[in-house]
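Here's the structure we're looking at; comments come further down.
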Amino acid sequence: MRAVLVILIALGVASPALAEGFATVTERERFVSLIEGRDLTRFGITINVTRDGQIKGRAFGRDVTGAWRWNGDYFCRDLYWGSTDLGPNCQAVRVQGSTMRFISDQGAGRYADLNLR
């Protein structure tokens, strides 16, 4: 989920969300300015989230594909990991330096920290 993306969130291997030191991203243009031209990475995961709403990459040996949109204060995505439909989820986004945190279920669920590269 991993943003988020979100593969870690989708697979449920992240921990409950903590927000210390992270700034909340609540606007689409701010989010795009952070991700544009960069990949989101973590051990075994490399994902590209494009300005035009596409998600593509690899996670743990499988292709990751999907689409995203900004809805209110949230990054909302539909995601596939290989042929597995991980379904839709709207996520709170936070950033600290080169770390982007995606928190599932509109900020109430698990989170995944991905590095901006």
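Quick note: the coordinates plus some simple rules give every number you see, no bench work behind them. No experiment lies behind these values; they were computed from the predicted model shown. Counting neighbours? That spans all protein chains shown, and the Cβs are built from the backbone with ideal geometry, glycine included.
Which of rounded, prolate, oblate describes the stretch 41-81, given a ≥ b ≥ c as roots of the alpha-carbon gyration tensor eigenvalues and a/c under 1.5 marking rounded, otherwise prolate only if a/b is larger than b/c? Please list the in-between numbers first.
Details: a/c = 2.31, a/b = 2.03, b/c = 1.14.
Here the stretch 41-81 falls in the prolate category.
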Task: Cα gyration tensor shape of the stretch 7-116, rounded if a/c is under 1.5, else prolate or oblate by comparing a/b with b/c - done: rounded
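Please compute the contact order of the stretch 7-116 in relative form: average sequence separation of alpha-carbon pairs under 8 Å and at least six residues apart, divided by the residue count, as a percent. Please report the intermediate quantities before stating the final value.
On the way: 235 pairs, mean separation 30.5, N = 110.
Relative contact order comes out at 28 percent.
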Task: Sparsely packed chymotrypsin sites (Phe, Trp or Tyr not before Pro) within the stretch 26-117, loop by DSSP, other Cβ within 10 Å at most 11 - done: F43
